[in-house]
Structures are given as C-alpha cells and as structure tokens.
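Asks: This is the structure I want to talk about, given as structure tokens.
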Number of protein chains: 4
Amino acid sequence: MSQARARKAVEVMTTAGKPRNADATRAKILEAAISEFAARGLEARIEDIADIANANRRMAYYYFGSKEGLYLAALEEAYLQLAQAEESVDVDALSPTEAVAALISAKFDHFIAYPQYIEFVKIENVYRARHMKESQRIAELCDPLITNLERALKRGQATGEFRHDVTAFELSMMIASLAFFPVSNQHTVFAIFGTDLTEPATVERRRKMTIDMVLLYLAQKQARQSD
Amino acid sequence: MSQARARKAVEVMTTAGKPRNADATRAKILEAAISEFAARGLEARIEDIADIANANRRMAYYYFGSKEGLYLAALEEAYLQLAQAEESVDVDALSPTEAVAALISAKFDHFIAYPQYIEFVKIENVYRARHMKESQRIAELCDPLITNLERALKRGQATGEFRHDVTAFELSMMIASLAFFPVSNQHTVFAIFGTDLTEPATVERRRKMTIDMVLLYLAQKQARQSD
Amino acid sequence: MSQARARKAVEVMTTAGKPRNADATRAKILEAAISEFAARGLEARIEDIADIANANRRMAYYYFGSKEGLYLAALEEAYLQLAQAEESVDVDALSPTEAVAALISAKFDHFIAYPQYIEFVKIENVYRARHMKESQRIAELCDPLITNLERALKRGQATGEFRHDVTAFELSMMIASLAFFPVSNQHTVFAIFGTDLTEPATVERRRKMTIDMVLLYLAQKQARQSD
Amino acid sequence: MSQARARKAVEVMTTAGKPRNADATRAKILEAAISEFAARGLEARIEDIADIANANRRMAYYYFGSKEGLYLAALEEAYLQLAQAEESVDVDALSPTEAVAALISAKFDHFIAYPQYIEFVKIENVYRARHMKESQRIAELCDPLITNLERALKRGQATGEFRHDVTAFELSMMIASLAFFPVSNQHTVFAIFGTDLTEPATVERRRKMTIDMVLLYLAQKQARQSD
DNA sequence: AATGAATGAGATTTCATTCAT
DNA sequence: TATGAATGAAATCTCATTCAT
C-alpha cells in the first residue's frame, strides 16, 4: 500500500549509481510471498507477489532462485513463527497439569495469531510434504514442540498425576488434532453445516473442551492393558 | 495396451459391444478423475485423466462440461462414499456407549478404506471450499453424520451415562479432529518427526485412544455448567 | 464462453421402428439455422442449431452436408424472401412516380418484416460474399429487383418526369443505401450517438425522407450532362 | 481469470534498441491486428497477427491482455483515423453549400484511403457493437462528425439556403448511408450484379450524385408539412 | 431416417522463466 | 541491484465432423 510510495522516495535520491536496499526488497518479497502462498497455495503467481512487494518479478528469482525456492523460504518462515510461539510458555515453572494446559492454550493462541501457519501446513500436506522434505531447518525448529511437552508429561508421570501408557508424541498428536482440525477444515465444515468455527466464543469453548479432555485422559489410571 | 481388459468391464447392453458405451466411458473417466484429483489436487491434468480412463480427452468435456465440473463430480463421489461408510453402524441397536465407539471406529475404517476422501477434503479446504459451495448434494449427504451421533448422544444423556454439556456437533468435531488430522497431516508429521502414522499398529493404537478419550470425556459428570 | 454444456440424460421412448418426418426435420433445421446464423453469424454452432430444431446434430450433416452447406441454404432462403417481398408492388399499374415510391416503401416494409435478411447480407459482406458466389440461384432471385425499377424509371424518363442521367442500377443503389444502412448499422450508431434507429416513428420519418429525396433527385432536370 | 493485465504504454529511450523496443513491438502488433481483423473479422488468429508483426504470440497478451483487448485497440485506432480525416475540412471558412459538399467529399476520400474503417464498422455491426460499447473513447472521437455538419447546416438554415425540417443527425445518416453502403456491400453487389463498385470512375460518379442529391434535398423549400 | 458417442485438430490463454541493459 | 521486454512450453477448451448402430 504505502510501501509503493516509500520506494519511489528512495529512487529519487539515488541519482547516479543505483544501490537500492537489498535486504528490504528481499524482505518485502518474502512477506508478500507468505501472504500469497497462504492465500492461494501454489496457484499464487510470482507476478502478483512481485506487484504486492512493489518489486520487479525478476528480483524474486534473483533472491530465491525459483518459484519453489521462494515457496520454501516462505514455508520456513511460517515454521519459525511456530517455534517462537511456544517459547512464551515456561514449562518447568508450572505444575505438570498447568504446563500441559498452558501448552494447549498457546497452540490455540498461535493459530489465531498466525493463520498463515495452518494454510502452509495444509498446502504442504496436499503436496505430500514435497517441499518440506528439502528443508533441514524445519525439523530442527519443531524439535522443542515435543521436548517441551515431554518434560511436562514425564514430571506428571513421575508424580503419579498422569497415566503412563501414553508417549509425548502421541499426546502431541492428540492436542494438534483437536486444535488444528477445526481451523484447517473450517471451510468445508461451514459449507456443509453452516457453522462458523472461527467465532471467538466458539474458539474459547473449544479451547476449554480440549484442555478438559486431554487432562481427563492423562489423569485416568489405566486398568491393566497397554497395547 | 490395457484396452482389451478395460473392454471386458463394459456392461451388457450392446450385443457384440465393443466400442460405444456411454455409461462405462463416463464411469471410467470419473474413476480416473477421483484418483488423479486426490493425488494431485487441481493440478491434475485432464489429459492424464483421459489417458488413465482409456478415453479421449474430449469426452471429459462431453460428460462433465469443464475441468471444474469433473472435479466437482469427483468430489461428490467422495462424499457419497463417506455417507455409505456410516450406514454399516446400526446406532439404535447398540447401547449409547457402544454406539459412539462404533461410530468412531467406523470413521477410522472409512479413512483406511477410502484415503481419497481425506485428500479431497484437504484440497477443498485449501481452496476454501470454493467448489463444494456449488453443491447442494454434499450437504444433504452429510446430514446423517450428525443425526446418527445425535441419537446416540441423546440416549446416553437420558440414561445419565453421558454428560449434558456437549452437543452432537461438538462431539462430532472432536471425533473428526482426532481421526482426520493424523491422516491428513501424515506427510508433514513424517517430514518433521520421521514417524509414519499410517502403520497398522499405529492406527489401531490411535483408534483405541480416541475411543477411550471420547468416552471418558462423555462419562465425566460435570461439576458446574460453564460457558 | 458457454460453460456447462454437459450432456443431460434424456428419456427415450421409441420402442420399435422409428420413421420420423423427413421433410419436417429438414425444415426445422433450416429455420433454426436462419435464426442462429442471423443472430451470431458464422459463430453460430451446429449443436445449438440442432438443439433449437429439436433434431440430432448428425441430421444437419445428413441434409446439408456441412456447416457451410447449411449456411448457404439459410442464405438462399433469406434472398428468397427478399424476392417475394417486392412482388406485392404492381409497378406497371402505377404512375412512374408512384411506382418508385411504392418500391422504396416496400423495401422499408421488408426490412422491418425480415430483419434476418439484413443480418445475412452484413455477414456475407464481412466474408466478402465468399459463400454467395457459390450460389447461382441468388443472382437469379435478385434479377427482378432491378428490372422492376427499370421499367418505372424508363417510363418516367419517356414522359419527361424523370431525369435521364441516371441508370436503374444507380437508382437501385441509392435506394438500397438509404434504406439499408440505418438498419445494418443501427448498433454502432446507437453505441456512438445513443439514438435508436429502429423506433417506429424514426423509421416512418426515414421512409418519407427517402421517398422525397429520391423523387426530388429524379424530377430534377439536369443542366448539362457530366461524366 | 485475471483479465486486464495488459501493459500500459511506457516511454522508452534506449539508444540503439533493435531487439527490445516496447513501443515498436506494440505498434507493430497493433498494425498487424488492424489489417488482420479488418480482413478476417474476429476469426483472425492471434498467431498470424504475431507472425506478421514479427513478434512472439505471447507479446500480444503482454500488451493487450486478450484477443478482445487487441481487437478493441484496433477498433479504436480505426475510429481515430476517421476523426482525423474530417479535420482537413475547414467548415467555417466555406459557404454552407460548399461546406456540406466538402464534408461529403471528405467522407468519400476517407473510405478510399482507409478501407479498414468500413471493415471494422461492418464487423462491429455483425457483433451488435458488443465491443464498441466498452469504449468510452470512440463516442468522444465521433462527436465532431455531427457538430461540424451541424454548424454548416445551421448557417445554411439561417441564410435561407437550406430547408428547416431536417436535423444534423438525419443529414449525417443520409450522407453516411449513401457513402458507406456501396463500399460495405460491394461484395454482395458484385456477386449478384457483377458490377465492381470500387472502380475509380464509378466512385467519382457516386461522389457527384451524392453531393447533388443531398444539396438538392437541402435546397428544397418544404411546402407546408413538417413530419 | 435417426442418433448418441467419439475424435482430431487447432485456438486461446497462462505462467514460470530468461534476456539484455 | 534492478528492470522491462521477451519467450517456450503446456494447459484448457472448442468445434466441426465421423463412427457404428
């Protein structure tokens, strides 16, 4: 929007040689790419991204090599934000039960704050994680997601508050399922049932139910089996 | 090629019956479309679909009007299979608890049997249900999914087995979340954590956990109402 | 352009032998062709023509050989109507002046009654009379148009009512110009000036002006011959 | 999908500039489009136009957005030439009679000099001015055609040389009819009567007759009626 | 006489990408 | 660093026409 104007001002001052602001251009293209890829999936067009970024199409190639390169950069950016989201929870300062509740709640907050994240994950799964497999970085970024949860779970199992027949990974999948699906599938749900799952009251109700459900499951003492 | 084999599949209306069979051609194109769209999303190519169906590319337009028309037909077909999947459960012949468990289990079975369903739902959500909104039929097909569950829930609440502060729709979303996510997001999960969520043992473990979790939640007597 | 042209299932009830009405089918196709070609030019589609005629597309080929054959048949039909239009004027029973006025008036009537004629002539001129050149018949049909006028003109020149330095062909072109153009070019005139040249009052005004103008010209005694 | 993405004309100042010259490429494509559309109507092929212009087919889309966009640009160009044609007549420096004669004559000259104009008008009328309606510009360009004539007519009526019961618009239609039709319909006339209306002697004869006829009509003092 | 099914060829259009400055 | 111009390859779609009954 007003970015366009800003660029014009810059151009005017550089008379002879034309050293523009490299990082700024790159950043604007990346930002535009995140919003466009999130909005349209791989149908997003390089030309549109460049226009939104107020940059030349050629620059996208200059900085990111190809459309897929740009997509991957945008994807990594989305996961970077995910990792940062959970840092706000100080797992070890809370009781096991509180920590699990806080981690669940943080996930809900993150999905509200960064809806693009869910878009990218949906897209990547349609493409069978084709692009993500190229990225070493994303796996590293996601590591804390499990380890944080694991510390809380282990402590709760040690104190006897939590059942033993569940792993951190399983627990993580449960939570992710309950938090992710209603957002990722909001469109088909709305088309079929006419219910808008993004309404704040609905989201809060869901947050509470999810916490209740997970803690109830963790608190249950298993009878005998374990599979 | 495999033409000889494909010919055999033709229904008996023409005496000699080699070349011209409208229904068979249409059906083969639709079948090919389902597998191609599920595999590649809207990037699937009409030419490939026609080739797989052993038909002329032009015939896809003859029967379905456009690429989007063909996609929509394939989408509806996927939902038709979903509706049929749940018919196997005789909700009213089972106890409320058994009925809920059976419905959850049926969902797991369906997702194993018709993986294309999940692909279509993922794709539609990437496209923000753009195509599904055109279809009156899909909403109708999905109606029983809620009403079946509702009958079981109501009965359980009447007998006092189930808590009262949950609606059939909420329950349905819970179950769908827990069953859908690990399949829909299997690719990114695998890329990040290296865990294959489709292994039979894993699926069975998940089926059991989901049933336990949901029934535990339903059995819980809520202290005071909230929200 | 025309999106959903997907085949609909159609009930069929012809049990045994199926002797349809050959002439009627041919006539309906031709009628449909006239209205479609007049409305859309050569962009008219055989499929649409067949549908309007409630006939099978194949029948158009059966009776007319090809799209161009059908077009030519429609074109000839349009000229047939033109020839018939002028038969209503009994040139020799009227005074020369009255006869010319009547022939002009008949042209105006014809253009109102058979607007398709003008459409075909426009189309043919866009195609540089490519198709009409194939037709012996059309030239024959048009012959009376000149000869009728010629008889009136000759008589008027013999009596001294009409000037001598004009031929029947030239006179015919004048009349045709004044009558044809405002109809043929009504669309661009309307687009540019916003005037609707088809309003009855406008047409009548034009009819009168044309008669006045032509008779005035014919009545003028030329000073010296030129050219 | 995204229709109008056509490049806008951009100033270019490259010194040598053989291969990359935006204006030249654009201009050559437009020029080729004018001749091809005039010759073949909307059946003209983008590929042929590009070939004639010695440009890549893609560039037609780059500069004009779509085939219709290119056609519209060509159409506007044709009307631009029309407007320029009449500028040569200095209406106010001539007597009313001379001015009308000069304007008629200029129209004949224009139709000889720019035959494409007539082709475009014919085509547009076959398409019912579908494209022209999109163009604000054309109506503006045509405005002087009436106002020039109107000034001459008004002056002649003021001096008593011209009759009063005719409007500038009516007069304009008369002139246009007499000048346009023999060119626009030359092909069917030739096919039917074998007369070539484009021969110079024939054109000159027509020019004289038209001027005589119109001036005679204008000079006539109307007896009593008025429409 | 009549028809539904099928096809081949070609048209427009789209888009990522590279050229040349 | 930055850019407007240019391109090739492919995808969708259209349509007249023919096949086989």
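The values are calculated or read from the model by the stated rules, or taken from the named source; none is laboratory data. Remember, it's a predicted structure, so these values are computed and weren't measured experimentally. For neighbour counting, all protein chains shown are included, and Cβ atoms are generated from backbone atoms with ideal geometry for every residue, glycine included. Quick note on the areas: whole protein, heavy atoms, side chains included, nothing else; ligands and nucleic acids left out. Shrake-Rupley method; radii C 1.70, N 1.55, O 1.52, S 1.80 Å.
Asks: Within segment C:216-227, is even one residue of a type in the set (S, T, N, Q) and in a helix (DSSP H, G or I)?
Replies: Taking every residue of segment C:216-227 in turn, none turns out to be of a type in the set (S, T, N, Q) and in a helix (DSSP H, G or I).
Asks: Can you name the condition, by its number, that A:Arg128 falls short on among (1) in a helix (DSSP H, G or I); (2) surrounded by fewer than 21 Cβ atoms within 10 Å (Cβ to Cβ)?
Replies: (1)
Asks: State whether one or more residues within segment B:169-180 are of a type in the set (S, T, N, Q) and facing another protein chain (nearest Cβ under 8 Å).
Replies: yes
Asks: Let me confirm something: among A:Ala60, A:Ala83, A:Ala44, A:Ala78, which residue is open to solvent by less than 30 Å² (accessible area, probe 1.4 Å), within 14 Å of chain B (Cβ to nearest Cβ) and within 9 Å of DNA strand E (Cβ to nearest atom)?
Replies: Within the list A:Ala60, A:Ala83, A:Ala44, A:Ala78, the selection yields A:Ala44.
Matching residues to (1) assigned by TED's automatic domain parsing to the domain that holds A:Thr202; (2) hydrophobic (A, V, I, L, M, F, W, C); (3) touching a Ser or Thr at 6+ places or on another chain (Cβ under 7 Å):
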{"position": "A:Tyr79", "(1), (2), (3)": "yes, no, no"}
{"position": "A:Ala83", "(1), (2), (3)": "yes, yes, no"}
{"position": "A:Glu87", "(1), (2), (3)": "yes, no, no"}
{"position": "A:Val91", "(1), (2), (3)": "yes, yes, no"}
{"position": "A:Pro96", "(1), (2), (3)": "yes, no, yes"}
{"position": "A:Val100", "(1), (2), (3)": "yes, yes, no"}
{"position": "A:Leu103", "(1), (2), (3)": "yes, yes, no"}
{"position": "A:Phe108", "(1), (2), (3)": "yes, yes, no"}
{"position": "A:Ile112", "(1), (2), (3)": "yes, yes, no"}
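Asks: Okay, moving on. For segment C:209-220, check the following and say yes or no: at least one residue is at the interface with another protein chain (Cβ under 7 Å from one of its Cβ atoms), closer than 19 Å to D:Ala179 by Cβ and polar (S, T, N, Q).
Replies: Scanning segment C:209-220, I find no residue that is at the interface with another protein chain (Cβ under 7 Å from one of its Cβ atoms), closer than 19 Å to D:Ala179 by Cβ and polar (S, T, N, Q), so the answer is no.
Asks: Continuing with the same structure: Take the residues in segment C:101-117 that are within 14 Å of chain D (Cβ to nearest Cβ) and farther than 16 Å from C:Tyr71 by Cβ, then tell me which one is surrounded by the fewest Cβ atoms within 10 Å (Cβ to Cβ).
Replies: C:Pro115
Asks: Residues in segment A:162-169: is at least one open to solvent by less than 20 Å² (accessible area, probe 1.4 Å), touching a residue at least 40 places away in the same chain (Cβ under 8 Å) and under 17 Å from the mean Cα position of the chain (by Cα)?
Replies: No, every residue in segment A:162-169 fails to be open to solvent by less than 20 Å² (accessible area, probe 1.4 Å), touching a residue at least 40 places away in the same chain (Cβ under 8 Å) and under 17 Å from the mean Cα position of the chain (by Cα).
Asks: Follow-up question, since we're still on this one. Could you tell me whether any residue of segment B:186-206 is open to solvent by less than 20 Å² (accessible area, probe 1.4 Å), under 25 Å from A:Thr202 (Cα atoms) and either in contact (Cβ under 8 Å) with a residue 60 or more places away in the chain or more than 9 Å from chain A (Cβ to nearest Cβ) (or both)?
Replies: Scanning segment B:186-206, I find no residue that is open to solvent by less than 20 Å² (accessible area, probe 1.4 Å), under 25 Å from A:Thr202 (Cα atoms) and either in contact (Cβ under 8 Å) with a residue 60 or more places away in the chain or more than 9 Å from chain A (Cβ to nearest Cβ) (or both), so the answer is no.
Asks: Just one of A:Ala101, A:Ala60 is of a type in the set (Gly, Ala, Ser) and within 16 Å of DNA strand F (Cβ to nearest atom); which is it?
Replies: Going through A:Ala101, A:Ala60 in turn, just one is of a type in the set (Gly, Ala, Ser) and within 16 Å of DNA strand F (Cβ to nearest atom): A:Ala60.
Residue-by-condition table, conditions (1) over 21 Å from B:Leu178 (Cα atoms); (2) in contact (Cβ under 8 Å) with a residue 40 or more places away in the chain; (3) small (Gly, Ala, Ser):
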{"site": "B:Glu36", "(1), (2), (3)": "yes, no, no"}
{"site": "B:Glu43", "(1), (2), (3)": "yes, no, no"}
{"site": "B:Ala55", "(1), (2), (3)": "yes, no, yes"}
{"site": "B:Met59", "(1), (2), (3)": "yes, no, no"}
{"site": "B:Tyr62", "(1), (2), (3)": "yes, no, no"}
{"site": "B:Pro96", "(1), (2), (3)": "no, yes, no"}
{"site": "B:Ala99", "(1), (2), (3)": "no, yes, yes"}
{"site": "B:Ser105", "(1), (2), (3)": "no, yes, yes"}
{"site": "B:Pro115", "(1), (2), (3)": "no, yes, no"}
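Asks: Condition first: in contact with a Ser or Thr (Cβ under 9 Å, 6 or more places away or on another chain) and within 14 Å of chain B (Cβ to nearest Cβ). Now tell me which residues in segment A:143-160 satisfy that.
Replies: A:Leu145, A:Ile146, A:Leu149, A:Glu150
Asks: Can I ask one more? Tally the residues that are in contact with a His (Cβ under 8 Å, 6 or more places away or on another chain) and at positive phi, restricting the search to segment C:27-80.
Replies: Going through segment C:27-80 one residue at a time, the tally reaches 0.
Asks: Another question, if that's okay. Taking B:Ala139, is it under 26 Å from B:Ala93 (Cβ atoms) and either over 21 Å from the mean Cα position of the chain (by Cα) or open to solvent by 10 Å² or more (accessible area, probe 1.4 Å) (or both)?
Replies: Taking the combined requirement at face value, the residue does not satisfy it.
Asks: Which of the residues that make up segment A:25-41 are open to solvent by 10 Å² or more (accessible area, probe 1.4 Å) and within 13 Å of DNA strand F (Cβ to nearest atom)?
Replies: Selection gives A:Thr25, A:Arg26, A:Ala27, A:Lys28, A:Leu30.
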